[in-house]
Structure formats: structure tokens, C-alpha cells
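Undergrad: I'd like to ask some things about the structure below.
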Amino acid sequence: MRYSKYITIVFLSILLNSCSDFLNPDPDSAIKTEDFYQTPEELELGLIAIYDALQGVNTNQLNDNRGVQVEFYVTEMLSDNSNTRSPDANDSADAGQFENFSVRANNGISANYYSSMYRVIYLANVVLDAMKTLEPEASFEKIESEARFLRAYAYFNLIRMYGEDVENLGLPLVDHVLTEDEKAIQFTRVSENKIYDFIIADFVKATEGLDDTFKSRASKSAAHAMLAKVYMTLDNPDYAEALVHLDQVATSYVLLDIYADVFDPTNELNDEIIFAIGFEDDTANDSQNYSAEFAATGNSSGLNYLTTDLHAKLTNFGGTNRGLFDIDSDDTEDKYQTAKHYTNSADDEQAGTDFIVLRYADVVMMYAEANMAGTDVVTISGTWGDNYNKLRTRAGLTAVTTVTKDELIAERRFEFFSENQRMFDLKRFGVATEILSAFAEANGYNFNAFDATLPIPLREINLSPLNTNGEPALIQNINWR
């Protein structure tokens, strides 16, 4: 299923650029949501609008909501996995700041990602608030569960990149559409713990009200898999609870025999895919252009190259079948790009390749992580162990009997490179400073522990009213004060 863009017309007057506008729309909007949502069918249109916000607008303009189309900067480029076309330790452009670990509070890409995720949260709140004004119906349970899944997904992405471990600073927690008198809520950061409690509650509700009908929409299994990752991301990880949720992922999802088949654009939503955000080829409204940025071939010169570090390690240790997706760009220099986002579209800047959020390979590796339970090694065993070795053998590697923490981190890197997992993984395993400091030093960059957390975008700080000390009420992360 894909997400029609026409629904966004309904919200033209309320979907403005800043995060605060998404949380607190203009009360004089020509279209009031309480008047628009009167039936389950209309609420369904509201759900489609949330998916549209996740898709984002296919444009190079950072004053438009880009959604997941700019996520590779936050996760791949802000790591040891990828860099810009012309890497430069002194590059001060928005993209270069991710590459050299110097993202500033006024970075336009970061601001766009932040506001894009809050747009998802706002639209989910619109749907959930509207439900409270309508006559209860059984069909509302699925709508509520789906909206809460999408809200939790957006908050999970935000808290991992903009929350701050040092002072337990989370983010503004907005669980409904704000009134004029509630504006302060959007500028008040609550603790990380409260944000994670909120995320867990939303995903739990999703497990209760959803089924596994769709792969391009929220599902019960996707919610369970996301909960497993959330529980392992907590400051005090709950690996036992993670295992409970991994066990609930439907057995209908399996590993494909051939690694390349997972990313075949003619075989999207295959048996390995749990949740993907859908796009359509050669359409201005429902396509994406990140395929062009990753592209090993096509019309784009490419922005997002694999680092020489990833290329070398993938070639030597990642398995020949994974290495097939590490392709020479045919440039005059040795630059490598990924074929994972290859598209059949006539114009690779109007690509229809889906954005894979969750696939069964992730579940298999989370089993290894949860069974390792914070130690340094785990013995391969049972069904999950058989699947773990299938991941390796289909990649062209030999089977193993044990896996160390370092080996699992490397295996995830090789399996999921260019899939926007790397930075989240490094932070969850607690190795971001160690690995990225060494990578930065080898490449003439500087990295410290604070660089793994992005600054709150400056435009959000500037929108914030002043507190009694004459300072913005929205508190900036410590490394930018």
C-alpha cells in the first residue's frame, strides 16, 4: 500500500516549517480538524497523512518537510559509514558537518529532520485527539494503535539523536494538539526516562490493536520488534523483556536465501520485510531522491559515499555477497557507493525504492544481542542461532559457534550498511565514542562523546520564550551552551 499525497492539501494552512508550528497549529486555520474528522473513513485519511509526513517531500529545499529522505545524514554520515563527495575536515557546509562531527545548532538538515519527526507526532496527535470527540467504534482501536505506533517511531528516532545522556535531558513531550495556553509544553524538555516510558506505552498499545496485514503500514510484529530495540536502548537495558517481544514476531517473516533479493526493487515487501515506508517510481509526489544520493549508477553524481574504512572492512570481512552492494562509482578516484537503494525509475531522483525500517535480519541479530545481555560473548543456539548463521552463510561467510560483542557490532555494520542503522547501533552498544574517536583521528577529524548527540536546532531555541533568567526556555544540549 502507498500513501497518496493529496491528503496533505487538507493541512496546507497548519503544516508550517518549524517544530512549534507542527505542535501548535494556527488556531485561525481555515480547516479545523475537529470539523474534518467525523467518521472512521476520515480518520483513515488522517493516518495516511502521517505516512505522508514520514515519506517527506521529494525536494532539495530544506524549508519543506523531507521526512526520512534526510535520515541518512543523521545515521550513516554521522558515523564511520559514509561521507560526502569531497571529504574535508574543514568542510563547514551542512552535509560536511555530519561527516566531520561538527554539526552546529543552525544546521539546516538537522533542523529539517527534527521538525519532520515532530510533524509526524503532531499529525498523530491530530488523529488521536479527533477520536476523543467521536462516538466510540470498534474500528477505532486499529486507528488509535496505528497512530500511536507512528508517534512512538518518531519519538524513538528523536530521543536517540537529540536526547542527552549526561543530564538525562529528553525532549518536549507533546501527547495532544496544544492550545494557545499550552504553548510552554513545546519548549519544556522532560527527562529521557519519561520519553521512553511514553514510547513504550505507545508501542505496547500498537501490539494490542494491530495485526500483521500490512508491511508498508504499522503492524503487530513491527511494534514488538521496535519494543525489543527500545528495551535494549534504555540506560538500564531490559534484555529479558526484549526477548519477550522478539518471541512475538510472526513466524511468517523469514530470511531470504539470497542477500541481493532483499533489495530487489521488483521484489519489494518480500518475506524478510517487516515494515517499510513506501514510495512510487517517477511521481513527483510519492517518490524519493535519497536513492540518487546513494546511487552507484544513474543520473546523480552522488553525495553519500561509503568511507574507505567501511569499504576495506566490508571487502575483507563482510562477505562477498554483501560486498556486491559496495560498487565502484566509476569516478576518477576510488569512491564506492551502495546499490541497496537501486531504483527502476527513469529518473533516480524520482525513485520508488522503499525505505526499509525493519527486516527479519534485524530481529535475528537482536536475538543475539538480547541473549548476550550486556556481556562480551554469547553461544549460538536454537532457532535464532541457526538463523544467525544463515545470515553469515548467505553473505558468503562461515558459520560460527559463538559471537562476541565486537563481532556482533561488526556483523550489524556489514549487514545493514546504508540502511540508516549504524549510529543508532553504536550508541545502543555504548561504543560510539571509542569507535568514532579512532575513526576521526585516522581521517583528520575531531570527535568527543558529545558529538554523538545532535544539538537542538537553533530555530527551535529562538522560538522559545525567555525564562526568568532571560534565557531561552528550551534548553540546549550541554555541548552547545
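Readers should treat all values here as calculations from the given coordinates under stated rules, not as data from a laboratory. Treat the numbers as computed from the prediction; the structure is a model and nothing was measured. Neighbour counts run over all protein chains shown; Cβ positions are idealised from the backbone, glycine included.
Undergrad: How far is helix 192-209 tilted, in degrees, relative to the longest principal axis of the Cα atoms in the chain, given as a value from 0 to 90 rounded to the nearest 10?
TA: Here the helix axis deviates by roughly 90 degrees.
Undergrad: In degrees, nearest 10, range 0 to 90: what is the angle between the Cα axis of helix 140-162 and the longest Cα principal axis of the chain?
TA: Tilt of helix 140-162: around 60 degrees.
Undergrad: Let me ask another. Any chance you could run the full-extension gain for A438 through K313? It's 0.36 nm times the residue separation minus the Cα-Cα distance, nm to one decimal.
TA: 43.5 nm
Undergrad: How do D386, D309 rank when sorted from fewest to most other Cβ atoms within 10 Å of their own Cβ?
TA: Ordered by Cβ neighbours within 10 Å, fewest first: D386, D309.
Undergrad: Under a straight-distance cross-link criterion of Cα-Cα below 23 Å, which lysines are reachable from K183, leaving out those fewer than 8 residues away in the same chain?
TA: Partners found: K32, K132, K194.
Undergrad: What is the gain in length, in nm to one decimal, between N285 and N106 on full extension, counting 0.36 nm per residue of separation less the C-alpha to C-alpha distance?
TA: Between N285 and N106, full extension yields 61.6 nm more.
Undergrad: On to the next question. Quickly rank 105-111, 217-223 as a protection proxy: mean count of other C-beta atoms within 10 Å, highest first.
TA: Listed from highest to lowest mean packing, they are 217-223, 105-111.
Undergrad: I need the calculated FRET efficiency for the pair H176 and V431, taking r as the beta carbon distance and R₀ as 35 Å, to the nearest 0.05.
TA: Efficiency for this residue pair is about 0.40.
Undergrad: Relative contact order (percent) for the chain, with alpha-carbon contacts under 8 angstrom and 6 or more residues of separation?
TA: Normalised by residue count, the contact order of the chain is 18 percent.
Undergrad: According to a simple spin-label model (label point 7 Å from Cα along Cα-to-Cβ), what is the distance in nm between D328 and D261?
TA: Placing both labels 7 Å beyond Cα along the Cβ direction yields 3.0 nm.
Undergrad: How high is the relative contact order of region 145-198, given as a whole-number percent (alpha carbon pairs under 8 Å, six or more residues apart)?
TA: Computed value for region 145-198: 37 percent relative contact order.
Undergrad: Would you kindly derive the ³J(HN,Hα) couplings of region 252-262 from the backbone phi angles with the Karplus curve 6.51 cos²θ - 1.76 cosθ + 1.60 (θ = phi - 60°), listing them in order in whole Hz, with x for Gly and Pro?
TA: Per-residue couplings from phi come out as 6, 7, 9, 7, 5, 5, 10, 4, 4, 5, 4 Hz.
Undergrad: Which whole-angstrom value gives the distance between the alpha carbon centres of region 264-282 and region 380-401?
TA: 25
Undergrad: Hey, rough spin-label estimate for T59 and N344, points 7 angstrom out along Cα→Cβ, what's it come to in nanometres?
TA: That separation, rounded to one decimal, is 3.0 nm.
Undergrad: Taking a threshold of 24 Å on the Cα-Cα distance, which of the pairs K313/K340; K205/K340; K313/K390 fall above it?
TA: K205/K340
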